[in-house]
Structures are given as C-alpha cells and as structure tokens.
Amino acid sequence: MSTTTSDLNQTTSAELFRNAQQHIPGGVNSPVRAFRAVGGHPVFMQSAQGAWLTDVDGNRYIDFINSWGPMIMGHAPAVVLDAVQAALGNSLSFGAPTRREVEMAELIKKMVPSIEKVRLVNSGTEACMSAIRVARGYTGRDKIIKFEGCYHGHGDSFLISAGSGALTLGTPDSPGVTEGVARDTITVAYNDLAAVEAAIQANDGQVAALILEPVVGNMGLVEPVEGYLAGLRELCTRHGIVLIFDEVMTGFRLARGGAQELYGITPDMTTLGKIIGGGLPVGAYGGRRDIMDCVAPAGKVYQAGTLSGNPIATAAGIAQLTYLQDHPELYTELNRITTRLADGTRQIAAELGLNYTVNQVGSMFSVFFTDRPVHNLDDAKHSDTDAFGRYFRAMLHRGIYLAPAQYEALFVSTAITDELVDQYLQACRESMREAHNL
Ligand code: KE4
C-alpha cells in the first residue's frame, strides 16, 4: 500500500509524532528515528513479523534496518519468542547471578575465541564506555584513538570530532562534553595507517586504547583497505596499546565470530550489542583475561548495572546466538541475498547514469549518492544527501523501509527472500528515477 505525501500528513503516525514531540525530546527516544536527515515525519510501527513491518496505519514495509541490526533472523523468530515465553514464568529480574549468565558467557567465548572473559551490560554504548575505562585502568594511560565516521555510542569520550590537524587532540562534538574529556580523545581518518602511526608518535606512551569499527557501518558501510586491520594490530602490539574492535554492528553478523573471524585479526578487547540480545537490551565487552581481570570485583576498575545479565534478555540472546552458532550455512545464504541487493542497486544506478557507489560486506550494505569510491568519512561526505532524502521517501512510499540517513548501513535478515529482493529492486529503479526526475 503506497501513500502520498498529503496522506502521510493525515496519518496516525503524523498525529502520534505531533503528540510525541510534546513529551519526548524531538518526539523520539533515539535521534536518527526522527527522519531529520531525510525529511517528513517518522513512521510509528505497530508490529513486525519476518521481513515485514506494519505501521500504525496498516501500511506494510519490507525491513532493511531490522532494528539497526539485532533482527538478523527477521522479526519475531519462533526460537527467540519461545525462549522468552519460557523464561517469563520465572519472573523478570533478580539482581542476583543466574545460570543463564554463565551459559551466555560460555556461548560468547565459543563464538568469539579472542574473548577469554566477558561482562554483560545493557547497550552497545555501555559496552564501549566500559571497554575504554578498563583499557585505561589496565595500561595506566589516559588517551584513546578513535576514527572519523566511527560511532561507539553516546559516551562522552566518543562524541569528539577530529581536531584541527590529524595530530591535534579532539574537540567536543556535543554540548555537555567537556574540553577535559576531549583532550584525551585523538580522532584520525579511517583507512589511513600513517595517520595512526603519527598520532601514536605524537602521544608516545600516553595512548591506552585504539577503538574502531573493524567494518564501519556508521558513516555508511566502509570496509577496511587491504592490510589496514593487520597494520593496526601490529602498531598496538608494538606500543602496548589495547586494540578494541567495536563489533556492536558486525558481531555475529559478518560471521559467527564477527569481523575478527572474517579478517583473521585478533583484538585485545571486543565490544558487542544488537544481535547479542535477540532484540532485547544486551551489550557486552570482553577480551584478554589479564585485561578483564582488572574489572571489579576481580580488579579495581569499576563498572556495574542493575539489569546486566537480565534473565529475559539473556534468554532471548542465548536463543538467537545458539541458532546462529548451529546454522553456519545461513551466513552463506544471507551474503548471497545481500550481494543480489547490492549488485542490483549498483547496476540500476549505473543504467541511470548515476554510477553511485555501493559498498557491501556480508549482510551489510550502503548506497552512497556519489560516484566516487568511499573509503573514509571525507569520501562519504561527497554524497548528495538531498537526493538520498528524496530516494528514501520514494522507497518508503513503495513499502521499502531503509535507514533514514545517508550515513548509515542497511542490515539484511534471513527473512529476505529472492522474491523480496525482486520487489526491492523494482522499487529501487522507480525511486532512483523519481529522486532524480529521470
Ligand atoms: P547502543 O548504545 O545504541 O546499543 O550501541 C551504540 C553503538 C556502538 N557501536 C556501534 C558500532 C554502533 O553502531 C552503535 C549503535 N548504532 C546505531 C546505528 N548507527 C544505533 C541506532 C540509534 O542510535 O538509534
């Protein structure tokens, strides 16, 4: 069912959004949901099943966000719902250790062998904040290196844009983040090993950790150039810097063991989220035993959480992770379907003379509205975000739910069939034409 713009303004979503803005900052509980980058108002969802979302007006959409990654098996997979239903009867939370938390830790270690000890938290942000605190406690050093275009949640240390020069310290990216915090975050361009080496030299002996998305989803999909991850691993080893792979997006998605399995690089620490909770709030950080044994109460680095290891969330997470662990063949099919989506999008853009860049790794992809290759944030920023907004809205009206921002990745689920790929490609062709008046 497609709706015109005027219809949209009379929809329940429009009414709900007007009301929501009276009570919730920007009307949403996470900024990207507000559609600010693509225009129009957000669509309020009512339900979801498999590949399909249904909004409060009964419009249906094929979902290519899947809750920003968690729903890798599509919405409401029986194996997860059954596990949650079974757990509900035993109450919702204890604030005491449970058997399931041990099972979850053992399963995570089995799937991600670089993790020798792991702590569960409630979000990817919490995982990343905690990981850098532990790295600072372990090394006794203050500074961290992060990369332009990589996002690690809303912790103060991460909301830092690059300083004026590659070697200068960061500046706050958000009000409320202090200069003091910014002083300890160095931000350099992604995919530039020399820039990292220079930053380390300029801050010799002061860098506790280097944190990155091993495959970036948060500037749109950008993959590491040949040798980049290995180069970072060598630099961190040489300088005693804790290498942290933020696999909140890529973990359990790009392979059962995430990007570190796909590229064969072993980080010192890993942060996880999204898929790990099966749709419920779970994050995790873990890594080398000698580092993780610094975490209270084993060590002195404090981190805590009322609902960490929650019995319902771990039931959902264990069910989803166990299914992924037991069905490695689903990654082959997921990658085949995603390759059809990415290659088809690239071909349509080329046929229309747009030659847009489509980056794909595994079951993540992005179309950048630029014809230049995209290897870092500067490249990505050459995209025509207005045209992207017109394309997004055209796809939405055709029942295709994409990420409402150019600088985001799409996440494919096992519920996307060849038939749904064909529907996506048909809508893509029409929407590319509409967005460019072709
Ligand atoms: P959460 O705190 O949102 O669970 O995780 C933060 C985070 C950490 N690391 C990476 C690589 C991430 O992608 C994220 C969160 N991703 C965004 C999508 N760009 C979540 C969507 C949102 O912010 O609403």
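Every number in this text was worked out from the coordinates using simple rules, so none of it is lab data. Since the structure is predicted, the reported quantities are computational estimates derived from the model, not experimental observations. Backbone-built Cβ (ideal geometry, glycine too); neighbour counts: all protein chains shown.
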Looking at the stretch 183-259, which GluC sites (Glu not before Pro) are in a loop (DSSP not H, G, I, E or B) and have at most 13 other Cβ atoms within 10 Å?
-> GLU226
Point-to-point label distance, ALA96-GLN347, nm (Cα→Cβ direction, 7 Å offset) | 6.0 nm
ALA194-ARG372 pseudo-label distance in nm [points 7 Å out on the Cα-to-Cβ vector] = 1.8 nm
222 nm [θ] for the chain, helices only, -39500 (n - 2.57) per DSSP H run of 4+, per residue, to 500?
-> -11500 deg cm²/dmol
In Å, the Kirkwood estimate of hydrodynamic radius for the stretch 349-399 over Cα pairs equals 11.8 Å
Does a label point 7 Å from the Cα of LYS381, set along Cα-to-beta-carbon, have any residues of the stretch 135-161 with amide nitrogen under 13 Å, and which are they?
-> 148-150, 161
Amide H contacts under 5 Å for VAL188, restricted to residues at least 5 apart in sequence or on another chain and with H modeled in the peptide plane, are LYS146, PHE147, GLU148
Förster-model FRET efficiency, 51 Å R0, THR237 and ASP82, C-beta, rounded to 0.05 = 0.70
Quick one: work out Rg over Rh on the C-alpha atoms of the stretch 172-276, Rh as Kirkwood radius.
-> 0.97
Gyration tensor (Cα only) of the stretch 78-326 to equivalent ellipsoid, semi-axes in Å sorted down, yields 31, 19, 16
Lys and Arg at +1, Asp and Glu at -1: add these up for the other residues within a Cβ distance under 13 Å of ASN376 and post the number.
-> -4
Only residues of the stretch 132-150 count here: report those whose backbone N is under 16 Å from the spot 7 Å along Cα→Cβ of GLN206, or say none.
-> 136, 140-146
Quick one: of the DSSP bridges fully inside the chain, what percent are antiparallel, nearest 5?
-> 60 percent
Would you mind listing how long the chain runs along its three principal axes, going by Cα atoms, in whole Å with the largest first?
-> 58, 56, 46
Cα shape, the stretch 297-438, gyration tensor, a/c 1.5 rule | prolate
Report the label-to-label distance for ASP142 and ALA304 in nanometres (one decimal), using points 7 Å from each Cα along the Cα→Cβ vector.
-> 2.7 nm
Among ALA83, LEU254, ALA194, whose Cα lies farthest out toward the positive end of the dipole of the stretch 78-326, if unit charges sit on the beta carbon of Lys, Arg (+1) and Asp, Glu (-1)?
-> ALA83
How about LYS300: which lysines have a C-alpha closer than 21 Å to its C-alpha, ignoring those fewer than 8 places off in the same chain?
-> LYS117, LYS143
